[in-house]
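Computed from the coordinates by the stated procedures, all read-outs in this text should not be read as laboratory data. Not measured: the values here are computed from a predicted model. Don't worry about glycine lacking a Cβ; one is built from the backbone with ideal geometry, like all the others, and counts go over all protein chains shown.
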Amino acid sequence: MPRPILATIHTAALRNNIQCASLAAPDSKVWAVVKANAYGHGIERVFEGLRSADGFALLDLDEASRVRKLGWRGPILLLEGVFEQRDLELCSRLGLWHTVHSDEQIQMLATHKTEVPHRVFLKMNSGMNRLGFSPQQYRAAWVRLNALPQVEEISLATHFSDADGAKGIAEQLQVFNTATQDLPGERSLANSAAALRHSTSAAADWIRPGIALYGSAPDFPEHSQGDWQLLPTMTLSSKIIAIQAINTPATVGYGSIFKAERPMTIGVVACGYADGYPRHCSTGTPVLVNGIRTRTVGRVSMDMITVDLEPLKLAGIEAGIGSEVTLWGRASNGAVLPIDEVAQAGGTVGYELMCALAQRVPTVVEPE
Ligand SMILES: *Cc1c(COP(=O)(O)O)cnc(C)c1O
């Protein structure tokens, strides 16, 4: 038997989640963001669930080729644009739309030979200070781009730093709107958090949801995935491979950081940090055993974690070798353990957990 760890991708949940994003901004087109191999899910595995998108947005040219190979003829957007001159050849060949955020990228376009002019998204740095032209430089960049025969149509874009939090988007929105007031072209501003929380002001022509498509609340813990009607799209599951009945005094795992205060039963689970389970999730991280919520105890090791089986005993539920363990996502009994709660216990965010799913974890798409 193979090691029992498994990741399952839920197509129906992807379909539900992209609809949630669409409903939040009903007049906007949707870029389904599938960068980082669809947030660790696998582009090929999410394609079916996300095919109601108006376009796919990503970073790697290789990922763009994969989306075309799946038969997608619609728009594909490179969110960081091209990295070197010859990337533009692939843009021409595959009909990729690309972000333009720097003078260097305009220069590359100006010397690019193409029969078909490109669609570009001109990016403004409206306050995040990562990519884009400053509001002062923006119009000049637009004029230069507009004069190039290589350019067919210019859309306008920016990205918010605080759509998920208290600061919000008002300042950046004002900067963007002021600087683009009389420029023609479609606009794209909103990531998941902005689309869900600020759609009246930020929906524009295209929204760019990523994390919400994958069933994680962009503003956890203020809201949970359930508050936004999002469903988990990735379940990481495994099984108990050993049981330890321990008496006090006893400790569990490396560094003896967990000390049992009373006799208890511990389940040893085939999942560790080499599978992408965060090592920071020591004692107290929620986990489901046979769909019942319990917690990890002790340190996460490379191939194993240890879990407290006392709550199952109290509930009168049997657990032993072979019992199902849900690290995040949906258990067989329908119980859900939001990835955001696991991430929080490890001091990180759902994004990082999904993206870090290890290569060695076999992954299947749930049959519908
Ligand atoms: C990653 C990314 C998004 C999606 O962000 P989420 O928070 O995952 O919704 C949107 N726009 C740009 C430019 C991005 O890089």
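Close amide H contacts of SER301 (hydrogens built in the peptide plane, cut-off under 5 Å, sequence separation of 5 or more or a different chain): TYR273.
Just checking the listed ones, PRO263, PRO209, PRO149: in the Gaussian network model of the chain with Cα springs under 10 Å, the one fluctuating most is PRO263. In this structure the amide hydrogen of ALA190, modeled in the peptide plane, comes within under 5 Å of the amide hydrogens of ARG208, none closer than 5 places in sequence on its chain. The HN-Hα couplings worked out from phi for segment 150-158 by the Karplus form 6.51 cos²θ - 1.76 cosθ + 1.60 (θ = phi - 60°) are 6, 10, 8, 8, 10, 9, 10, 9, 8 Hz, whole numbers, x standing for Gly and Pro. Protection proxy ranking for 231-243, 347-359, using the average of other Cβ atoms within 10 Å per residue and placing the highest first: 231-243, 347-359.
A cut-off of 5 Å between modelled amide H atoms, ignoring neighbours fewer than 5 places along the same chain, links ALA250 with ALA260. FRET efficiency for the GLU44 to LYS167 pair, using the beta carbon distance and R₀ = 30 Å, is estimated at 0.20. Shown for the chain are the DSSP H helices of 18 Å or more along their axis, judged by Cα atoms, with a mean Kyte-Doolittle hydropathy of at least -1.0: 11-24. Taking the helices alone, the chain has a mean residue ellipticity at 222 nm of -7000 deg cm²/dmol, built from -39,500 (n - 2.57) per DSSP H run of at least 4 residues and averaged over all its residues.
Each label was represented as a point 7 Å from its Cα along the Cα-to-Cβ direction; for THR363 and VAL116 these points are 2.9 nm apart. Shape class for segment 11-214: oblate, because the ratio a/c of the largest to smallest gyration tensor axis (alpha-carbon atoms, square roots of eigenvalues) is 1.5 or more and b/c is at least a/b. With both residues required to sit in the chain, DSSP beta bridges show an antiparallel share near 55%. The GNM of the chain, with springs linking C-alpha atoms under 10 angstrom apart, assigns the highest mean-square fluctuation among PRO184, PRO117, PRO278 to PRO184. The string of couplings for segment 293-303 from the Karplus curve (6.51, -1.76, 1.60, θ = phi - 60°) is 6, 9, 9, 6, 10, x, 7, 7, 9, 4, 10 Hz, one whole number per residue in order, with x for Gly and Pro. Couplings 3J(HN,Hα) for segment 188-195, derived from phi with the Karplus relation 6.51 cos²θ - 1.76 cosθ + 1.60 (θ = phi - 60°), are 9, 10, 9, 7, 4, 4, 5, 5 Hz, where x marks Gly and Pro. For the pair LEU70 and ARG262, a Förster radius of 56 Å applied to the C-beta separation gives a FRET efficiency near 0.55, rounded to the nearest 0.05. Note on ARG130/ASN333: beta-carbon distance plugged into 1/(1 + (r/R0)^6) with R0 of 41 Å gives a FRET efficiency of 0.45. Modelled label positions at MET1 and GLU153, each set 7 Å beyond Cα in the direction of Cβ, lie 5.5 nm from each other.
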